[in-house]
Amino acid sequence: MKKVGLYFGTFNPIHIGHLVIANHMAEFSDLDEVWLVITPHSPFKKKKTLLDNNHRYEMVYEATKDYPKLRPSKIEFELPQPNYTVNTLIHLVEKHGTDYEFSLMMGEDNLKGLHKWKNFEAILEHHQIYVYPRISEGETDHSFKGHPKIIHIDAPIMEISSTFIRKQHKAGKNIRPLLPENVWKYLDEMNFYR
């Protein structure tokens, strides 16, 4: 059974910070692969800056195609909205449970809010959570400290945000070094975030 880390995000756009974390988890933990799960555009939220699902999938595909342990996933595009992580996990286990063992990947900042997630107890009962460091405020819920299913990985701290990239690109700044080369080409050709 392959161990797969699920890295959820809007990836709007995917940048080198995402790639560094995904690759680090695939290379320096016991995960065999990392699937970058693109979160769909919620029909209930009007977010003008969020690109169409397929454009974001294409950018993740372009960013990961040369990394055999990384792959894009549009699994959440098929699920009813609004969706919860617990539903995605159930769907993946039903679909691939004989071949893959699924774990979640999240930043330390997200771990601090895990107790607010729908059915977080069920997630922790059936899945491991790989946590990478982030600079953030606040304390992690005491019940998660030393939890056997929560694995902290000493990964590089990446403080690049897609929001910053979109904002600076719109302002005419050169953000090219923050993106994988293929992603930059796609974004530039399509004239996104202008």
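The values are calculated or read from the model by the stated rules, or taken from the named source; none is laboratory data. Keep in mind the model is a prediction, meaning the values are calculated, not measured. A quick note on method: Cβ atoms are made from the backbone with ideal geometry, for glycine too, and the neighbour counts reach across all protein chains shown. In case anyone asks, the SASA skips ligands and DNA or RNA and just uses the protein heavy atoms, side chains included. Shrake-Rupley method; radii C 1.70, N 1.55, O 1.52, S 1.80 Å.
Look at (1) within 27 Å of T85 (Cα to Cα); (2) touching a His at 6+ places or on another chain (Cβ under 6 Å); (3) without any contact (Cβ under 8 Å) to a residue 24 or more places away in the chain and you find that E121 fails only one, number (2). Residue count for the range 65-74, restricted to those that are within 18 Å of D52 (Cβ to Cβ) and either assigned to a loop (DSSP other than H, G, I, E, B) or touching a Lys or Arg at 6+ places or on another chain (Cβ under 8 Å) (or both): 1. Of the residues screened, R71 is one that is open to solvent by 10 Å² or more (accessible area, probe 1.4 Å) and of a type in the set (K, R).
Please specify each residue of the range 8-39 satisfying the condition of being assigned to a loop (DSSP other than H, G, I, E, B), under 18 Å from I75 (Cβ atoms) and in contact with a Ser or Thr (Cβ under 9 Å, 6 or more places away or on another chain). Listed by number, the residues that qualify are T10, F11, N12, I14, L31, T39.
When the range 45-64 is filtered for residues that are assigned to a helix (DSSP H, G or I), over 14 Å from P180 (Cβ atoms) and over 15 Å from the mean Cα position of the chain (by Cα), the ones remaining, listed by number, are N54, H55. Of all residues in the range 154-190, how many are closer than 19 Å to E62 by Cα and either in a helix (DSSP H, G or I) or at pLDDT 95 or above (or both)? Total satisfying the criteria: 19. Those helices (runs of 4 or more DSSP H) of the range 76-153 in which 1 or more residues are hydroxyl-bearing (S, T, Y) and at pLDDT 95 or above occupy 85-96.
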